[in-house]
Amino acid sequence: MDKNLVIMSIYIACPPLFATGGTELLHQLHQKLKQRGIDSYIYYYDAIQENKEDLIAERFKKYFVNFEKEIVLDFVDTKDHFLILPETLFGKIKTSKIKLCQWWLSVDNFFKDKWLLKQNLIFSNDPIQNLKNFLKKTINRFPYNTLNEMLNQENVYCNFYQSHYALQFIKKLGLRNPLPLSDFINSDILQLSASTDISSKENIIIYNPQKGIEKIEILKKNSPKNFNWIPIENMSPIEVQELFKKSKLYIDFGYHPGKDRIPREAAVNDCCIITNREGSAKNNIDIPIFDKYKFSEPIKDQTKIFELISDIFANYKLHLKNFQSYKNKILKEEQIFEIEIDHFLKKLKLI
C-alpha cells in the first residue's frame, strides 16, 4: 500500500446533539470505517462544547470506542484527506483542498433547506433552466451559478446516493462520480421485530403526522367509523416499534425524500404498506411494493383506499405475503451497505 494513503483520514461532518435517522447513519458509517482500520473521525460542525462526549446524542455513543480520539472540531484541509458531507451541510463548510464526498441522504431536504424547491422542478426535462427561472422569479437572483459552484467545486471527489431517487437527480444535473452508499435499519430494531407475532396483529392504521397530514385528516374524517388510526407521536423508539408489532397497516401519503426509514421499519415488523407516488415512492426500487398499494391521488381514490384497507384487515396474511420480498430486501441492507463501503475504499486503494 502507498505510504501516503496509510495516513489518509476520512472526516464525516455532522451537527452535534442532533439525533435523526440521517445523523445516525453518519455515525454508523464512522463505525464501519473504524472496523476496517480506516482513520475515520466524526467532525461535529459548528460545535462549541469543550467536552467531546457532551456533543454526542446519547443513542449514538455506542458507535464510538474512544470519544476523545474519534471526535474532532476541525479537519485538516489538504488533498490527502476526505470530508463526507450530508446534503444538509452542502455549502456551509468552507474547504479548498480536502476531497469532498457529497452524500445525498435526501434530495428534497437539500432544496428545502436552501430554497424550498418543489420536486416537479427538480425532475423536469430542463432542471437547470427551471432552477434559474424559479429562483430568479422568487428571490430575484441567479441561483444556478451558486448551485453549480456549490455542487461542482474542484475538490469534489464523488456524490454518494442513498436512494435510486437521489441517483436520478445526480444524473439529471450531471454531478461528478456517483457512487452508491445507502443505509440500513438499526440492528436493535431488527432484533425487536424478530418477535413480532402476526397472529396477534390488530386492525390498526399507523401514520406519521409529520408527513402528508392534510390528506390523512381528510381520509380519517371520511373513513368508516371502525377504522382505528394511530399517529406516531410522543413515543420513544421502543414504543414506536411496539406499535408496529401489533398493527396491520402503515400509511404514508407525505413526500418521500429518499429511501425512507419508517416504511421499512413498518415492513420488518410485518405491517402492510400503503403510500402515494411522490418522491422516491414513484419508483419501485426505493419502495418496492406492488402497484395496487400505491395511489397517485389519495383523496380522489379514497373509496378504493378504504376498500383496500378493509380487505387488508380481513385478509391480512394473504396481503402480508405481497410484502415479503420487500422485507427480505430490508434485512439484507446492512450487508449491501458494507459492500458499498468496500467498493469505495477499493477505489481509494485503502483495502
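The values are calculated or read from the model by the stated rules, or taken from the named source; none is laboratory data. Predicted model, so just to flag it, every value in this text is computed and none were measured. Positions of Cβ are backbone-derived with ideal geometry, glycine not excepted, and every protein chain shown enters the neighbour counts.
Does LYS294 satisfy being of a type in the set (Lys, Arg) and closer than 17 Å to ILE262 by Cα? In short, yes. Each residue in region 141-192 was checked for being modelled with pLDDT of 90 or more and acidic (Asp, Glu), and 2 of them qualify. Per the conditions (1) in a helix (DSSP H, G or I); (2) among the charged types (D, E, K, R); (3) surrounded by fewer than 14 Cβ atoms within 10 Å (Cβ to Cβ), the sole criterion not satisfied by LYS300 is (1).
Which of the numbered conditions does HIS256 fail, given that it passes all the others? Conditions: (1) modelled with pLDDT under 95; (2) more than 17 Å from PHE110 (Cβ to Cβ); (3) surrounded by 20 or more Cβ atoms within 10 Å (Cβ to Cβ); (4) not hydroxyl-bearing (Ser, Thr, Tyr). Of the numbered conditions (1) modelled with pLDDT under 95; (2) more than 17 Å from PHE110 (Cβ to Cβ); (3) surrounded by 20 or more Cβ atoms within 10 Å (Cβ to Cβ); (4) not hydroxyl-bearing (Ser, Thr, Tyr), the odd one out for HIS256 is (2).
Please determine whether any residue of region 63-72 is surrounded by 13 or more Cβ atoms within 10 Å (Cβ to Cβ), in contact (Cβ under 8 Å) with a residue 40 or more places away in the chain, touching a helix residue (DSSP H, G or I) at 6+ places or on another chain (Cβ under 8 Å) and closer than 27 Å to ALA166 by Cβ. Don't jump to the end; show me each part of the working.
Quick first cut of region 63-72, residues surrounded by 13 or more Cβ atoms within 10 Å (Cβ to Cβ) only: 63-64, 67, 70-72.
Right, trim to in contact (Cβ under 8 Å) with a residue 40 or more places away in the chain and you get 70, 72.
Restricting the remaining residues to those that are touching a helix residue (DSSP H, G or I) at 6+ places or on another chain (Cβ under 8 Å) gives 70.
Filter again for closer than 27 Å to ALA166 by Cβ, leaving none.
The answer is no, given that none of the residues of region 63-72 is surrounded by 13 or more Cβ atoms within 10 Å (Cβ to Cβ), in contact (Cβ under 8 Å) with a residue 40 or more places away in the chain, touching a helix residue (DSSP H, G or I) at 6+ places or on another chain (Cβ under 8 Å) and closer than 27 Å to ALA166 by Cβ.
Within region 296-327, being under 24 Å from the mean Cα position of the chain (by Cα), in contact (Cβ under 8 Å) with a residue 24 or more places away in the chain and under 23 Å from GLU217 (Cα atoms) holds for one residue alone: PRO298. Of the residues ILE218, ILE238, the single one that is of a type in the set (A, V, I, L, M), touching a residue at least 40 places away in the same chain (Cβ under 8 Å) and over 30 Å from ILE336 (Cβ atoms) is ILE218. Quick one: in region 313-326, of everything that is of a type outside the set (A, V, I, L, M, F, W, C) and buried (at least 17 other Cβ atoms within 10 Å of the Cβ), which residue is farthest from ASN177 (Cα to Cα)? For region 313-326, the residue satisfying everything is TYR316.
Identify, from the list ILE330, ILE336, the residue that is within 20 Å of the chain's Cα centre (by Cα), surrounded by fewer than 18 Cβ atoms within 10 Å (Cβ to Cβ) and in contact (Cβ under 8 Å) with a residue 60 or more places away in the chain.
Of ILE330, ILE336, the one residue that is within 20 Å of the chain's Cα centre (by Cα), surrounded by fewer than 18 Cβ atoms within 10 Å (Cβ to Cβ) and in contact (Cβ under 8 Å) with a residue 60 or more places away in the chain is ILE336.
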